[in-house]
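Participant: The structure under discussion is supplied below as structure tokens; questions concerning it will follow.
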Amino acid sequence: MNISDILILGPEILLIIYALMSILFASFFKHESSNHFIFNCTILMFLISALIIYLTPLEGESNIESIFIRDSFSKFFQVLILLSVSCLLFMSKKYLEKNDLFKFEYPILILFSTLGMMIMISSKNFLLLYLGLEIQSLSLYVISSFRRENLKSTEAGLKYFILGSLSSGLMLFGISLIYGSTGSINFELISSLITSKGFYPGIIAGLVFLISGFAFKASAVPFHMWTPDVYEGSPTPVTAFFATVPKIAAVAVLLRVLFDCFGPLLESWQQVIILISVLSMLLGSIAAIGQDNIKRLMAYSSIGHIGFVLIGIASGTDKGLSAVLIYMVLYVIMNIGVFVFILNMERNGVAVTSINSLNMYNEVSKGQTLFLTILLFSLAGIPPLAGFFGKFLIFNAAINAGLSWLAIIAGISSVIAAFYYLRIVYLMYFGMVSDPLNGNMPTSHWLILSGSAILMLIGIINLYGLEGPSFLVAKSLLN
């Protein structure tokens with residue numbers, strides 16, 4: 001292993017060493033202060049890892065590039081994941097303390113899950129990809145049922161474990177079919193083999209199983225069935241994590257596999273992606289209308305947004321992939337802002353998730369109501385907020401790729417989805433007077449809520465400036 005290998009693997013090595021040291025430290029020092037120390041150090045390690053990845057040069061030869069790579073594509077998504085998980089951990093601390101969930105296992109499980117995602121995104125062969133997938137999944141199964149005495153949380157963890165195991169089995173079966181047809185698990189070798197010799201039925205069958213597995217991880221229809229129940233049953237900080245970080249990883253890995261490995265089969269997998277996209281947008285838009293629990297509503301919202309992301313992937317162009325990268329950044333910012341508000345929904349010290357509890361919330365806190373309104377308008381894609389331009393770039397990519405009809409369906413879905421976002425806004429300003437929420441929010445949470453809302457406004461100005469770097473990242477993947 002040369003110096004280039006160490007540079008490429010540096011963040012992963014750092015996080016593995018830190019995770020092992022944290023477990024040992026927590027085993028010997030079983031005090032409340034040690035939990036705080038591990039929690040704060042984990043956030044710091046994520047930020048340090050993000051900085052290392054950002055500063056890692058892309059030049060230089062490496063002995064491990066055939067299985068693991070640190071290119072501009074992986075750097076973009078890994079930095080986004082590390083910054084997102086740092087923010088999510090930071091804003092979840094007070095909630096965990098208040099609800100007797102502040103244990104050292106939580107940040108360590110989040111760390112292992114994040115480590116698995118980083119490995120997946122940089123994988124160049126299916127064996128390493130599957131290893132990263134299982135590291136991520138096993139940690140997520142545990143944190144979804146982190147509130148062990150709660151029946152819904154236990155149910156969420158069990159349901160996620162059973163269905164997640166099924167999706168992992170589907171992916172593994174797909175990988176075995178592809179290996180049996182090509183004799184290789186390396187992305188580049190499989191791609192060159194398909195280009196030179198065409199494809200066999202085993203490759204197509206394996207690709208279908210792979211897409212099914214990735215669709216499960218991304219909560220795309222028809223593999224979404226776990227999402228509402230797991231979102232509702234999991235502790236709210238875990239739900240916030242599920243709604244953002246694993247989605248980033250699933251989209252990144254799907255892009256890597258489809259374009260790096262199966263790029264020559266674009267016309268074959270494009271139809272499958274389009275079907276999943278249409279179903280996700282329509283179900284996410286319609287099923288959320290009757291929801292009363294805001295966490296379940298956000299679950300269907302995430303399903304709908306994944307449908308929009310899949311449009312950019314289905315376009316198969318650099319503009320489409322650039323739009324996906326921008327959309328994912330906006331999606332994460334909007335969801336972090338909404339979930340920091342949900343974390344503070346409580347009445348008399350008891351957490352509340354009913355949408356009707358937001359009746360006349362404007363009388364409780366005008367500032368929180370204003371910022372949440374901005375975020376909900378942006379999620380709905382209402383101009384002139386950044387969320388509108390994110391969808392506009394997706395629609396534009398679809399039209400340029402000859403998928404105008406898909407853009408029309410997406411527009412209709414977006415209009416339907418606007419109803420349940422605007423319903424929350426209506427209740428906050430004009431709802432029936434009821435037993436109000438406390439409206440208390442720590443200063444740090446105020447900053448995150450207001451900051452994410454302001455970014456949706458600033459994004460109007462800077463979005464097209466962001467399109468340049470994202471275009472280069474997308475072009476590097478296609479090349």
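The values are calculated or read from the model by the stated rules, or taken from the named source; none is laboratory data. Computed from a predicted structure; not experimentally measured. Every residue, glycine among them, receives a Cβ derived from its backbone with ideal geometry; neighbour counts consider all protein chains shown. Accessible surface is based on the protein model in full, side chains and every heavy atom, while ligands, DNA and RNA are left aside. Shrake-Rupley method; radii C 1.70, N 1.55, O 1.52, S 1.80 Å.
Participant: What translational D, rounded to a whole number of µm²/s, comes out for segment 112-220 from Stokes-Einstein when the hydrodynamic radius is the Kirkwood one over Cα pairs, at 37 °C and 0.692 mPa s?
Facilitator: In µm²/s, the coefficient rounds to 220.
Participant: While we're on this one: May I have the convex hull volume per residue, in Å³, for the Cα set of segment 219-296?
Facilitator: With only Cα atoms used, segment 219-296 gives 82 Å³ per residue.
Participant: Now, a different point. Could you list log10 I(q)/I(0) for segment 337-435 at q = 0.16, 0.24 Å⁻¹, which the Debye formula gives when each Cα is one point scatterer?
Facilitator: -0.73, -1.22
Participant: Working only with C-alpha atoms, what are the Rg and Dmax values of segment 26-168, expressed in angstrom?
Facilitator: When restricted to Cα atoms, segment 26-168 yields Rg and Dmax of 16.9, 53 Å.
Participant: One-quarter of the Cα convex hull surface for the chain, in nm²?
Facilitator: Averaged projected hull area, Cα only: 21.5 nm².
Participant: Take the Cα gyration tensor of segment 83-127, multiply each eigenvalue by 5, square-root it, and list the three semi-axes largest first, rounded to whole angstrom.
Facilitator: With the √(5λ) rule applied to segment 83-127, the semi-axes are 28, 11, 5 Å.
Participant: How many angstrom lie between the C-alpha centres of segment 350-384 and segment 211-269?
Facilitator: 27 Å
Participant: While we're on this one: Averaged per residue, what accessible area in Å² does the chain show with a 1.4 Å probe, protein chains only?
Facilitator: Counting only protein heavy atoms, the per-residue value for the chain is 38 Å².
Participant: What is the ratio of the Cα radius of gyration of segment 377-442 to 2.2 N^0.38 Å, where N is its residue count, to two decimals?
Facilitator: 1.52
Participant: Summing +1 for each Lys or Arg and -1 for each Asp or Glu, what net charge is found among the other residues whose Cβ lies under 15 Å from the Cβ of ILE276?
Facilitator: +2
Participant: Can you give the calculated 222 nm mean residue ellipticity of the chain, where each DSSP H run of n ≥ 4 adds -39,500 (n - 2.57) and the sum is split over every residue, rounded to the nearest 500 deg cm²/dmol?
Facilitator: The helix-only estimate for the chain comes to -26500 deg cm²/dmol at 222 nm.
Participant: Can you give the alpha-carbon Rg of segment 247-404 over 2.2 N^0.38 Å, where N counts its residues?
Facilitator: Cα Rg divided by the expected 2.2 N^0.38 Å: 1.16.
Participant: So how long is each side of segment 182-329 along the principal axes, counting just the alpha-carbon atoms, biggest first, in Å?
Facilitator: Here the Cα extents, ordered largest to smallest, are 54, 28, 24 Å.
Participant: Over every pair of different alpha-carbon atoms in segment 276-359, take the mean of 1/r and invert it; report that Kirkwood radius in Å.
Facilitator: 14.2 Å
Participant: Given a 1.4 Å probe and the protein chains all in place, what does the accessible area of MET225 round to, in Å² to the nearest 10?
Facilitator: MET225 exposes around 90 Å² with every protein chain in place.
Participant: Turning to a different aspect of this structure: Please give the direction-averaged projected area of the C-alpha convex hull for segment 88-167, in square nanometres with one decimal.
Facilitator: 5.7 nm²
Participant: In terms of modelled amide H atoms, which long-range or inter-chain residues lie less than 5 Å from the amide H of GLY431?
Facilitator: Correct list: MET360.
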